[in-house]
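Structure first, then comments.
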Amino acid sequence: MFELDERLQRDTVLVGRFPLSLLLLNKDANYPWCILVPAREAVREIYELAVCDRQQLLEESSQLAIVLSELFSPDKLNIAALGNVVPQLHLHHIARYRSDPAWPAPVWGAVPPLDYPAGKLLERRRLIAEHLAGVDFASA
């Protein structure tokens, strides 16, 4: 049975669900940062997914990337599946700017996480969900 990793639960809020993946919003306000987690048990790497799930993950990632690009106009959109700390397969989508506190280095460990101001986390979650309304996506 699929269960979301404890650290992902702690560090994110649920935005909604694609056919394959949960869409999470990272609570770190330093960056617009979403995470896709395929709802499959005991999967650590993309190649471990069934072929149809791999294709679906790419489609969901692309849909999310389009929305993040349209909403936040980043200088670069970083998309990565690392899993060094959280082994459960998850795909980061981070909008990066030349002005962000970690640029051009990776975001991990560059600066302490920044809490969203009151109400802004839920506002951002709603904004992202609304912009995914035209695709196969269900809001939380």
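The values are calculated or read from the model by the stated rules, or taken from the named source; none is laboratory data. Note that this is a predicted model, so its numbers are computed, not measured. As a convention, Cβ positions derive from the backbone with ideal geometry for all residues, glycine included, and neighbour counts pool all protein chains shown. Heads up: the accessible areas ignore ligands, DNA and RNA and are worked out on the full protein's heavy atoms, side chains in. Shrake-Rupley method; radii C 1.70, N 1.55, O 1.52, S 1.80 Å.
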Prolate/oblate/rounded label for segment 5-83 (Cα gyration tensor, a/c 1.5): oblate
- request: List, in order, the whole-Hz ³J(HN,Hα) value for each residue of segment 40-53 obtained from phi through the Karplus relation with A = 6.51, B = -1.76, C = 1.60 and θ = phi - 60°; use x for Gly and Pro.
  value: 10, 6, 6, 10, 10, 10, 4, 5, 6, 6, 4, 3, 5, 5
- prompt: Given the Cα atoms of the chain, and with Rh set as the inverse mean 1/r over their pairs in the Kirkwood sense, what is Rg to Rh to two decimals?
  reply: 0.93
message: For LEU22, what residues show an amide H to amide H distance below 5 Å, using hydrogens built from the backbone and excluding near sequence neighbours?
response: VAL37, ALA39
- line: CD proxy, 222 nm, the chain: helix-only mean residue ellipticity via -39,500 (n - 2.57) per DSSP H run with n ≥ 4, per residue, nearest 500, stands at -9000 deg cm²/dmol
message: Run the simple label-point estimate for SER139 and ILE46 please: 7 Å along Cα→C-beta, distance reported in nm.
response: 3.0 nm
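Please grab the % of Cα pairs in segment 74-140 that end up more than 19 Å from each other.
52 percent
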statement: Counting only DSSP loop positions in segment 35-140, the GluC sites (Glu not before Pro) whose Cβ has at most 15 other Cβ atoms within 10 Å are GLU41, GLU45
message: Can you tell me, using C-alpha contacts under 8 Å and at least 6 residues apart, the relative contact order of segment 1-95 as a whole percent?
response: 29 percent
Efficiency of FRET between ALA110 and GLN55 - r from beta-carbon atoms, R0 35 angstrom, step 0.05: 0.60
message: If you average the alpha carbon positions of segment 92-140 and of segment 1-78, how far apart do those two centres end up, in angstrom?
response: 12 Å
task: Rank these residues by their accessible area, most exposed first, probe 1.4 Å: SER21, SER62, SER139.
output: SER139, SER62, SER21
